[in-house]
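What follows draws every value from the coordinates through simple rules; no lab data is involved. Since the model is a prediction, treat every value here as computed from it, not as a measurement. Here the Cβ positions follow ideal geometry from the backbone for every residue, glycine too, while neighbour counts run over all protein chains shown.
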Amino acid sequence: MTAPHTPPLLGSLVAAGVDAPPFAVIRREHEAVLDVLVGEVVDVDLLAEIPLDGDEVLALVPFRQVRERGFAAHDDGEPIRCLVVRERESMGVDAALEVLPRHPVVVADLDVDVADEAYAEIVRRVIDEEIGRGEGANFVIRREFVGSTDEVPAVAVLGWLRALLEHERGAFWTFAVHTPGLSAVGATPERHVSSIGGLVSMNPISGTFRHDVLTEADASAGSLDERLNAFLHDVKEREELVMVVDEELKMMSAVCPDGGRIRGPFLKRMSRLTHTEYLLEGRSDLDPREVLRRTMFAPTVTGSPMGNACSVIARHEPTGRGYYAGVFARFTPTASGYDVDAPILIRTAYLRDGRVRVPVGATLVRHSDPVGEVAETRAKAAGMLTALGALPRTDAAARPAAIGPAVPAAAGADRAGADVGAAHDAHADVLAARNEHLAAFWRAPQHAHEPRGLTALVIDANDDFTTMLAHQLRHLGLEVRLVAWHEAPDAASEDLVVFGPGPGDPREAGDPRIARLRELIAARLDEGRPLLAVCLSHQVLADLAGLPLAPLPTPRQGVQLPVDVFGETAAIGFYNTFSALAPDGSTTPRFDLEVASDAATGVVHALRGPGIASVQGHLESVTSPDGLALLERLVDGVLAPVVLQAT
């Protein structure tokens, strides 16, 4: 007697329809199989409460979870939704396509929550009021495409998954997830963080090249190869990627004792877009939930510095983000604990109560063109909207009138993607040349110097660049302690105090953070003990020393400049909107500090005196190829009396 045929797990989910249990279906990049995972849902409030008790767990982590790091976020009440896996199977993609629903699941009533003109105005406002005020280097503001469907949620997301598997390319994860009251489907291009066998990886992706012609300006920009070449040489796109690399290196420095090393850049090809990306790697023995907590969330979907970016998002986005810009974390049990793999929740559609949401965002920097950023959000949504049946597959650039007019595509998306791939080799030298301007320290193994037997306190002024500073100081042989500005002692016992960078206007004495920095720096000056001040703290020191402060004509956010610092030229990265002003070679009215400044403009690059040094640029930044050498020179200078006394 022949045993009855047992349908595959995926087939049983399709057949169950409205009665389908909670599930997730996942295909990872370059894998020929997908995983079908079925289990029970547990909602928790904190990352530390994710139940890692021996079972595999998938966790949808909402954006509001950044509050665990003390950052601002609208509280929309979304929980950390965990799927504790009880059943699983793997099956080939081709076999899965035979099982997944074939009929189209079409999203109707397509609209957008923020009109093009209104979004363009938000872009202008963020550039003028946030970047122009020194609140940060870049910010990501979202808009949402919305629609409706009457389809059963489990069937809908499995049908859309089929469309993504057939037509999307280059996704890090392609997935569908179904839970009570919330279902989602996505093709996210970007890993946020993974910790596999102690190897921590992050994958910052930024810069967006659209294959299809979406605007009249695109149509006049030449052939696809000419447009790709222009994209790779575009200052805005290059700086956008480097700034997010800096931001993720801050996170790597907080997670990995040996910091992080960058690899790349690479081109990341998808069906309608190509991005530029780097890969960051380091080692850590932290609990994977703690790795996730310290890295919430990616600067590619928030901005930098991270804390202020969250405040800017809260000011310009009136509602909570839900799970957009959070992560979908997969915790896999191992012999020694758990590994985690967590892609960013972007290029994802959410289905709840018959309403479909597709959130997208653009990274806004000082060079941003409002019209271009509007077009970028459309392009980012196009792949998902096409899978949802909201856009016709034959012309990914066409949109309903409610979304705004479009210029017909010059070529099909798939053909354009292939052409981009063929062009990649021709532009490999251009990509490699980007690294010539980056710090070698972050591109090679970072071996520490011999311990000096000296200590340093690094004071964080709301910019996690201090984690990179602390890492470099440890590399230089110092024993380092890092504290937040509001927790810093009035009198530190350490041999050196490093006052860190931060956002904001240094002239706002009523700001509690600025006021506290003034108190701490003044107290250290009164003690006559070694100090080093960076960026914002450099500006506060300059103010205390009697120099005027003023906004720059153009913000320097993520800009590399060669500057003369006390007789030596150094290529340094800058993230500043304000500057102290004084003639080069002069001395300050108070404390008699020597000034190094631009001879033409008087913009102050650095100050120094016995046991005192400050610098406007970010020596720790990946954009500072001479940063480590200059940091060592300044540290040696301020610590020389301490070393002499000890000997």
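Once the Cα atoms are used to define both axes, helix 306-316 deviates from the longest principal axis of the chain by about 60 degrees.
Under a 5 Å amide H cut-off, with hydrogens placed 1.01 Å from N, VAL458 pairs with ARG481, LEU482, VAL483, VAL498 among residues at least 5 apart or on other chains.
Working note: Karplus 6.51/-1.76/1.60 with θ = phi - 60° gives region 520-526 the couplings 5, 5, 4, 5, 5, 4, 5 Hz, where Gly and Pro are set to x.
The trypsin sites (Lys or Arg not before Pro) of region 568-647 meeting both criteria, a DSSP state outside H, G, I, E and B (loop) and at most 14 other C-beta atoms within 10 angstrom of the site's C-beta, are ARG590. Stretching the chain fully between ALA629 and HIS437 yields a gain of 67.6 nm (0.36 nm per residue, less the alpha carbon separation). Along the charge dipole of the chain, pointing to its positive end and built from +1/-1 on Cβ of Lys, Arg, Asp and Glu, which listed residue (ALA137, ALA184, LEU639) has its Cα farthest out? Looking along the dipole axis, the top candidate is ALA184. Enter the angle in degrees (range 0 to 90, nearest 10) between the Cα long axis of helix 413-424 and the first principal axis of the Cα atoms of the chain, meaning the one along which they spread out most. Value to nearest ten degrees: 40. From the alpha carbon centroid of region 121-175 to that of region 277-341 is 16 Å.
Each residue of region 610-619 was assigned a 3J(HN,Hα) from its phi angle through the Karplus curve 6.51 cos²θ - 1.76 cosθ + 1.60 (θ = phi - 60°); the sequence is x, x, 10, 8, 8, 8, 6, x, 9, 5 Hz, with glycine and proline shown as x. The angle between the Cα long axis of helix 235-255 and the longest principal axis of the Cα atoms of the chain comes to about 80 degrees, rounded to the nearest 10.
Along region 340-351 the Karplus relation, 6.51 cos²θ - 1.76 cosθ + 1.60 evaluated at θ = phi - 60°, assigns HN-Hα couplings of 9, 10, 9, x, 7, 7, 10, 6, 10, 10, 10, 10 Hz to successive residues, with x for each Gly and Pro.
Full-extension gain between ASP94 and ASP564, please, as 0.36 nm times their residue separation minus the C-alpha to C-alpha distance.
163.1 nm is the gain from fully extending ASP94 to ASP564.
The amide H of GLY558, built 1.01 Å from its N in the peptide plane, has PHE574, TYR575, ASN576 as neighbours under 5 Å, considering only residues 5 or more places off or on other chains. Listed options for Kirkwood radius over Cα pairs in Å are (i) 30.7; (ii) 27.9; (iii) 25.8. The value calculated from this structure is the one marked (iii). In this simple spin-label model, placing a label point 7 Å from the Cα along the Cα-to-Cβ direction at both ARG352 and ILE196 gives a separation of 3.2 nm. Label point of ASP128 set 7 angstrom out along Cα-Cβ; within region 542-559, amide nitrogens under 19 Å from it belong to 551-556.
Site pair THR587 and ASP43 shows an inter-label distance of 6.7 nm when each label is modelled 7 Å from Cα along Cα→Cβ. For the pair HIS447 and SER336, a Förster radius of 25 Å applied to the C-beta separation gives a FRET efficiency near 0.40, rounded to the nearest 0.05. A simple spin-label model places pseudo-atoms 7 Å from Cα toward Cβ; at HIS103 and THR601 they are separated by 6.4 nm.
Computed about the Cα centre, the dipole magnitude for region 9-436 is approximately 140 debye when only Lys and Arg (+1) and Asp and Glu (-1) carry charge, each at its Cβ.
When the charge dipole of the chain is built from unit charges on Cβ atoms (+1 for Lys and Arg, -1 for Asp and Glu) and taken about the Cα centre, the candidate among THR334, VAL41, PRO392 whose Cα reaches farthest toward its positive end is PRO392.
If you place +1 on the Cβ of every Lys and Arg, -1 on the Cβ of every Asp and Glu, and leave all else neutral, what size is the dipole of region 1-119 about its Cα centre, to the nearest 20 Debye? Write down the numbers at each step before the final one.
Working: 9 positive and 24 negative charges, 81 e Å.
For this selection, approximately 400 debye.
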